[in-house]
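In what follows, a single structure is set out as structure tokens and then discussed.
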Amino acid sequence: MSEVSIPSGAVTLEGVLELPARPCGAVVFSHGSGSGRFSTRNRYVAGELRKSGVATLIPDLLTEAEDRDSDNRFAIPLRPERVCDALRFADPHAG
């Protein structure tokens, strides 16, 4: 397990990147309502994916400060660009 920092506009998102020995693909989690890298459900699903050889990236789509305001957990305008930034982080050659 690797803790990672993902640049996203004016903020840095934290995440967890896990790579099996020979990844055959990758999944970047996109989630809402306060779910993130510490979610036991996300970690469980990521573990099952890795058993199949899939790399996983679970980013927190809100910063710690943003997450303290529960209204931000449903702030849809924040998410699309942050998901794209996480995708670019996972595959910097994808453009």
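The values are calculated or read from the model by the stated rules, or taken from the named source; none is laboratory data. Keep in mind that what you see is a predicted model, and the values were worked out from it rather than measured. Methodologically, a virtual Cβ is constructed for each residue, glycine included, from the backbone with ideal geometry; neighbour enumeration extends over all protein chains shown. The area values use the complete protein model at the heavy-atom level, side chains included, leaving out ligands, DNA and RNA. Shrake-Rupley method; radii C 1.70, N 1.55, O 1.52, S 1.80 Å.
Sub-6 Å Cβ pairs linking a first residue in the stretch 9-38 that is within 18 Å of GLU64 (Cα to Cα) and at pLDDT 90 or above to a second residue that is part of a loop (DSSP other than H, G, I, E, B) and of a type in the set (D, E, K, R), at least 6 apart or interchain, are LEU13/ASP60; GLU14/ASP60; GLY15/ARG37; VAL16/ARG37, ordered by first then second residue. Counting the residues of the stretch 36-69 that are under 18 Å from LEU87 (Cβ atoms) and in contact with a helix residue (DSSP H, G or I) (Cβ under 9 Å, 6 or more places away or on another chain) gives 11. Can you name the residue in the stretch 2-11 that is open to solvent by 50 Å² or more (accessible area, probe 1.4 Å) and part of a strand (DSSP E or B) and is also farthest from GLY53 (Cα to Cα) among such residues? Among those that are open to solvent by 50 Å² or more (accessible area, probe 1.4 Å) and part of a strand (DSSP E or B), it is PRO7.
The set of residues from the stretch 51-85 being in a loop (DSSP other than H, G, I, E, B), without any contact (Cβ under 8 Å) to a residue 40 or more places away in the chain and of a type in the set (Ser, Thr, Tyr) comprises just one member, SER52. Taken over the stretch 71-88, residues that are modelled with pLDDT of 80 or more and open to solvent by less than 70 Å² (accessible area, probe 1.4 Å) amount to 6.
Residue check: is GLU14 within 22 Å of GLU81 (Cα to Cα) and in a helix (DSSP H, G or I)? Considered against the rule, which asks whether it is within 22 Å of GLU81 (Cα to Cα) and in a helix (DSSP H, G or I), GLU14 comes out as no.
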